[in-house]
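A.B. asks: Sending over a structure as structure tokens; questions will come in a sec.
The values are calculated or read from the model by the stated rules, or taken from the named source; none is laboratory data. Values in this document were obtained by computation on a predicted structure and should not be read as measured data. Counting neighbours? That spans all protein chains shown, and the Cβs are built from the backbone with ideal geometry, glycine included.
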């Protein structure tokens with residue numbers, strides 16, 4: 001009986017071109033999403049390659065310069081701020097290193113925060129604040145509009161296609177006058193409608209999965225290496241798609257007219273996708289407001305001014321505490337610009353650390369609250385899971401930023417000793433500048449949080465299907 | 001005749017349950033939006049004003065030092081929050097609000113608040129503008145999608161058409177009725193409440209300044225809603241079934257509100273890509289080092305300036321100059337840097353504008369987007385206003401550099417690098433005051449959005465008229 005229903009449903013869908021239109025549209029959406037995602041990732045990879053080139057090029061060039069100076073025995077003849085033998089200058093602009101976050105293999109799945117948060121940091125001696133001032137160039141309008149990526153197609157467009165394919169499955173039968181035929185046949189109305197739903201679910205979800213796999217292959221993603229991530233993506237897609245089909249099934253089972261069905265389904269889509277997330281955001285930012293970056297600037301300036309005023313007195317005390325930093329064979333030059341700058345930088349950072357830590361604290365508080373209330377809308381937690389798959393979520397960028405701060409300190413540590421001891425930076429030293437690599441923490445995808453997300457989708461689907469199955473037999477021939 | 005129809009239709013609409021609960025939901029969301037907007041304006045504007053004053057005080061409180069050291073200390077310029085941001089925060093979260101005016105470097109405007117926010121905030125912000133641009137049209141769709149088809153389906157259309165009223169008058173009456181109901185019970189009170197909130201938040205002077213923009217806002221929203229109501233009634237008349245009409249209208253709405261913005265952004269990026277921050281910075285560094293357009297390299301330029309200065313004052317050596325060469329060289333370097341920055345930032349901003357043009361043209365597909373762009377432009381929270389602020393801040397930075405370098409040049413002749421200036425010089429630099437551009441600026445920049453709105457309004461009008469001529473009973 002099932003195959004019989006399927007066959008005629010297939011003929012029906014083919015006849016009124018709904019199927020062709022839906023799958024066709026889906027194909028266009030997925031193709032475009034993967035195209036933009038792929039182009040974005042290639043740009044990131046190109047930039048990362050450029051970074052490597054710039055980094056080694058600059059160090060090599062300056063090393064050669066210094067080697068030449070050493071060979072001829074002459075001191076540097078230019079502006080002291082451009083002296084490649086001064087360790088502070090080297091750390092500021094001659095021997096910079098970069099820390100880079102490579103895009104994950106499945107990054108094409110979701111842009112997440114990768115368009116907003118930096119994926120590379122330039123290490124210089126300068127203020128650590130320069131780290132969080134590192135922003136990639138992007139038109140704010142484009143950032144504001146958001147990206148047409150695969151997660152957008154899955155979360156927003158797929159449900160609309162599902163609604164378009166199924167909103168009138170029962171109501172159309174009534175409005176066309178064929179409902180009584182269905183109800184008077186040997187197969188129950190319930191069985192017919194369920195079969196139709198299952199068929200459409202298989203078709204649309206199957207089409208999406210096939211298109212996505214094809215797209216991933218075409219963009220050079222290795223299926224075997226990323227089997228786990230792709231499996232999780234498939235499960236998430238199937239679960240989310242089932243959720244919407246089940247919802248549509250339940251609404252149809254209530255037995256009202258087409259207009260009612262459409263309004264309710266699109267209404268739910270709106271509430272889940274637009275209203276709930278924005279209201280939740282208002283609540284979260286009200287509960288845990290981020291401190292003001294403007295306050296941070298003001299405090300930084302204050303601290304910097306204070307350090308300058310304390311000047312020499314504090315500096316000699318500092319050398320007293322750190323005798324290993326005393327220059328060998330010469331007196332301390334308290335007016336040394338580099339030493340002054342370094343002292344100022346470190347002192348300012350210590351002064352503003354409490355305020356900076358507040359950002360961390362509030363950010364974590366917000367994340368915890370969002371985690372708890374994410375179940376208000378499947379769209380919210382599906383977006384989070386997709387970001388996990390792509391490696392572009394809040395957590396991933398926070399981990400990168402934390403590591404960057406840590407490795408930045410190592411970089412500075414290398415130069416700090418030389419600066420305080422007022423040593424010269426030799427060509428050999430250029431070869432010793434530490435290089436840095438970021439290794440993203442291997443986050444298993446099937447974390448408890450992600451599994452709970454999947455279970456939630458399954459639970460809601462079952463709930464709606466259950467409601468629908470119990471309501472369906474009560475449908476009347478005339479509109480309720 | 002039409003006024004009778006309007007009265008009757010309006011009474012019917014207000015009696016319907018869908019009108020009541022939809023309006024209730026809208027008001028609830030509006031209340032949250034207005035309240036958060038009010039808080040946002042109060043908090044952020046106060047913060048920016050205090051920060052601006054503090055920054056200027058810090059500038060004035062500098063110890064005596066060389067003018068160049070003062071230039072390095074610099075000043076921060078903060079973008080003031082316009083009063084209408086209470087209603088429409090626009091893109092401000094994505095645009096920076098503070099820029100450091102320092103020597104040698106033209107900096108970006110930093111501190112995009114969106115960067116401190118979680119992924120959740122990428123779903124959108126609940127502002128009054130959002131409610132008016134995206135949610136009120138849904139109410140209009142809800143009220144108008146079955147305006148004609150319900151009459152047809154219940155058989156009353158035959159009766160209506162047998163009266164004195166023509167089909168055209170009937171449709172016009174329904175259209176006006178929807179507008180009257182939504183205007184009188186929903187949008188009107190919302191606009192009044194919004195104006196009230198603005199008055200309380202900003203005081204009467206600021207409110208008076210913002211009034212022309214607010215009135216323009218109201219006018220354009222009126223045209224916008226006239227479009228939606230007209231479209232709804234026309235589709236209802238043309239399409240035989242209510243359900244299909246609703247799905248079509250909602251599909252059009254979803255397309256315009258969700259699909260087109262993302263499409264615009266992605267197409268703009270593909271068609272007019274911008275360089276990475278790395279490439280941009282490296283280009284600026286390289287240009288400073290080797291010069292642009294075949295100009296002198298950094299080293300050559302210093303020698304050139306030296307030669308020119310000696311020639312200008314007719315002396316043989318720098319020590320014989322009546323002015324401080326340090327000052328002359330600093331300003332000369334600034335001048336050279338300014339051409340480099342103008343070339344690089346200019347190129348970047350032109351690329352941004354190419355992207356904006358692509359997005360504007362694609363936005364013609366969606367009246368909701370046109371209204372969104374227009375709304376935030378009038379509120380002063382869009383890109384054009386931001387670029388204007390960037391320009392003015394940079395101009396102020398150049399004024400500061402010029403003042404510092406001129407003082408060094410004139411007064412630092414004997415002491416050169418050892419010359420120290422004091423608060424008398426600091427006071428020569430004025431506080432940075434940014435004045436929001438007027439209505440003309442906004443309307444001039446938003447021509448495409450305005451045209452889009454008018455074209456869609458005209459199309460819905462034509463559709464309505466045609467529907468009126470061809471109205472059939474069954």
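A.B. asks: Please determine whether any residue of the range B:363-370 is within 30 Å of residue B:404 (Cα to Cα), more than 15 Å from the chain's Cα centre (by Cα) and surrounded by fewer than 19 Cβ atoms within 10 Å (Cβ to Cβ).
C.D. replies: No, that holds for no residue.
A.B. asks: Determine which single condition residue A:273 fails, assuming it passes every other condition in (1) within 12 Å of chain B (Cβ to nearest Cβ); (2) more than 30 Å from residue B:138 (Cβ to Cβ); (3) assigned to a helix (DSSP H, G or I).
C.D. replies: The number of the failed condition is (2).
A.B. asks: I've got another one for you. Taking the stated definitions as given, is residue B:141 surrounded by fewer than 21 Cβ atoms within 10 Å (Cβ to Cβ) and either within 7 Å of chain A (Cβ to nearest Cβ) or not in a loop (DSSP other than H, G, I, E, B) (or both)?
C.D. replies: no
A.B. asks: Residues B:96, B:74: which one is surrounded by 16 or more Cβ atoms within 10 Å (Cβ to Cβ), touching a strand residue (DSSP E or B) at 6+ places or on another chain (Cβ under 7 Å) and over 30 Å from residue B:265 (Cα atoms)?
C.D. replies: After applying the criteria, what remains is B:74.
A.B. asks: Out of the residues in the range B:42-71 that are surrounded by fewer than 17 Cβ atoms within 10 Å (Cβ to Cβ) and within 21 Å of residue B:197 (Cβ to Cβ), which is farthest from the other protein chains (Cβ to nearest Cβ)?
C.D. replies: B:42
A.B. asks: Are any of the residues in the range B:399-411 surrounded by 21 or more Cβ atoms within 10 Å (Cβ to Cβ) and not in a helix (DSSP H, G or I)?
C.D. replies: No: the range B:399-411 contains no residue that is surrounded by 21 or more Cβ atoms within 10 Å (Cβ to Cβ) and not in a helix (DSSP H, G or I).
A.B. asks: Right, something else. Please go through the range A:276-292 and give me each residue that is in contact (Cβ under 8 Å) with a residue 24 or more places away in the chain, assigned to a helix (DSSP H, G or I) and within 7 Å of another protein chain (Cβ to nearest Cβ), ordered by number.
C.D. replies: Of everything in the range A:276-292, those that are in contact (Cβ under 8 Å) with a residue 24 or more places away in the chain, assigned to a helix (DSSP H, G or I) and within 7 Å of another protein chain (Cβ to nearest Cβ) turn out to be A:277, A:280, A:284.
A.B. asks: Has the range A:398-407 got at least one residue that is within 14 Å of chain B (Cβ to nearest Cβ), in a helix (DSSP H, G or I) and out of contact with any strand residue (DSSP E or B) (no Cβ under 9 Å at 6 or more places or on another chain)?
C.D. replies: Yes: the range A:398-407 contains one or more residues that are within 14 Å of chain B (Cβ to nearest Cβ), in a helix (DSSP H, G or I) and out of contact with any strand residue (DSSP E or B) (no Cβ under 9 Å at 6 or more places or on another chain).
A.B. asks: Looking only at the range B:107-119, which residues are at the interface with another protein chain (Cβ under 8 Å from one of its Cβ atoms) and either over 23 Å from residue B:47 (Cβ atoms) or outside any helix (DSSP H, G or I) (or both)?
C.D. replies: Within the range B:107-119, B:108, B:110, B:111, B:112, B:117, B:118, B:119 meet the criteria.
A.B. asks: Out of the residues in the range A:311-343 meeting the condition of being within 30 Å of residue B:78 (Cβ to Cβ) and surrounded by 14 or more Cβ atoms within 10 Å (Cβ to Cβ), tell me which one is modelled with the lowest pLDDT.
C.D. replies: My answer is A:311.
Results for (1) more than 12 Å from chain B (Cβ to nearest Cβ); (2) farther than 29 Å from residue A:142 by Cβ; (3) surrounded by 20 or more Cβ atoms within 10 Å (Cβ to Cβ), shown as yes or no for each residue.
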site	(1), (2), (3)
A:1	yes, yes, no
A:50	no, no, no
A:59	yes, yes, no
A:73	yes, yes, no
A:77	no, yes, no
A:90	yes, yes, yes
A:106	yes, no, yes
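A.B. asks: Next up: Determine whether the range B:328-345 contains at least one residue that is within 14 Å of chain A (Cβ to nearest Cβ) and either in contact with a strand residue (DSSP E or B) (Cβ under 6 Å, 6 or more places away or on another chain) or buried (at least 21 other Cβ atoms within 10 Å of the Cβ) (or both).
C.D. replies: Scanning the range B:328-345 turns up at least one residue that is within 14 Å of chain A (Cβ to nearest Cβ) and either in contact with a strand residue (DSSP E or B) (Cβ under 6 Å, 6 or more places away or on another chain) or buried (at least 21 other Cβ atoms within 10 Å of the Cβ) (or both).
A.B. asks: All but one of (1) more than 8 Å from chain B (Cβ to nearest Cβ); (2) under 30 Å from residue B:110 (Cβ atoms); (3) in a loop (DSSP other than H, G, I, E, B) hold for residue A:356; state the number of the condition that does not hold.
C.D. replies: (3)
A.B. asks: Answer yes or no: is there a residue in the range A:161-171 that is under 37 Å from the mean Cα position of the chain (by Cα), within 30 Å of residue B:89 (Cβ to Cβ) and touching a residue at least 24 places away in the same chain (Cβ under 8 Å).
C.D. replies: Looking through the range A:161-171, none of the residues is under 37 Å from the mean Cα position of the chain (by Cα), within 30 Å of residue B:89 (Cβ to Cβ) and touching a residue at least 24 places away in the same chain (Cβ under 8 Å).
A.B. asks: Still on this structure, I have one more. Looking at the range A:176-210 only, could you name the residues that are within 14 Å of chain B (Cβ to nearest Cβ) and either part of a helix (DSSP H, G or I) or under 21 Å from residue A:2 (Cα atoms) (or both)?
C.D. replies: A:176
A.B. asks: Tally up the residues in the range A:151-175 that are over 27 Å from residue A:29 (Cβ atoms) and more than 10 Å from chain B (Cβ to nearest Cβ), please.
C.D. replies: 3
A.B. asks: Right, something else. Would it be correct to say that residue A:387 is buried (at least 21 other Cβ atoms within 10 Å of the Cβ) and out of contact with any helix residue (DSSP H, G or I) (no Cβ under 6 Å at 6 or more places or on another chain)?
C.D. replies: yes
A.B. asks: Which of the residues belonging to the range B:94-106 are at the interface with chain A (Cβ under 7 Å from one of its Cβ atoms) and part of a strand (DSSP E or B)?
C.D. replies: B:98
A.B. asks: From (1) at pLDDT 85 or above; (2) over 25 Å from the mean Cα position of the chain (by Cα); (3) facing chain B (nearest Cβ under 10 Å), pick out the condition that doesn't hold for residue A:254.
C.D. replies: (3)
A.B. asks: Any chance the range B:454-470 includes a residue that's at pLDDT below 90 and surrounded by 12 or more Cβ atoms within 10 Å (Cβ to Cβ)?
C.D. replies: Checked the range B:454-470: at least one residue is at pLDDT below 90 and surrounded by 12 or more Cβ atoms within 10 Å (Cβ to Cβ).
A.B. asks: Of the numbered conditions (1) touching a helix residue (DSSP H, G or I) at 6+ places or on another chain (Cβ under 8 Å); (2) touching a residue at least 60 places away in the same chain (Cβ under 8 Å); (3) assigned to a loop (DSSP other than H, G, I, E, B), residue A:155 satisfies every one except a single condition; which is it?
C.D. replies: (3)
A.B. asks: On to the next question. Output yes when any residue across the range B:16-29 is in a helix (DSSP H, G or I), more than 10 Å from every other protein chain (Cβ to nearest Cβ), more than 33 Å from the chain's Cα centre (by Cα) and without any contact (Cβ under 8 Å) to a residue 12 or more places away in the chain, and no when none is.
C.D. replies: Yes, because at least one residue in the range B:16-29 is in a helix (DSSP H, G or I), more than 10 Å from every other protein chain (Cβ to nearest Cβ), more than 33 Å from the chain's Cα centre (by Cα) and without any contact (Cβ under 8 Å) to a residue 12 or more places away in the chain.
A.B. asks: Scan the range A:257-267 and tell me whether some residue there is more than 7 Å from chain B (Cβ to nearest Cβ) and either free of Cβ contacts under 8 Å to residues at least 40 places away in the same chain or in contact with a strand residue (DSSP E or B) (Cβ under 9 Å, 6 or more places away or on another chain) (or both).
C.D. replies: The answer is yes; a qualifying residue exists.
A.B. asks: Taking the condition assigned to a helix (DSSP H, G or I), more than 30 Å from residue A:398 (Cβ to Cβ) and within 12 Å of chain A (Cβ to nearest Cβ), does residue B:131 pass?
C.D. replies: Spelling it out, residue B:131 is indeed assigned to a helix (DSSP H, G or I), more than 30 Å from residue A:398 (Cβ to Cβ) and within 12 Å of chain A (Cβ to nearest Cβ).
A.B. asks: Would you confirm whether any residue within the range B:280-299 is within 7 Å of another protein chain (Cβ to nearest Cβ), in a helix (DSSP H, G or I) and within 26 Å of residue A:274 (Cβ to Cβ)?
C.D. replies: No, the range B:280-299 has no match at all.
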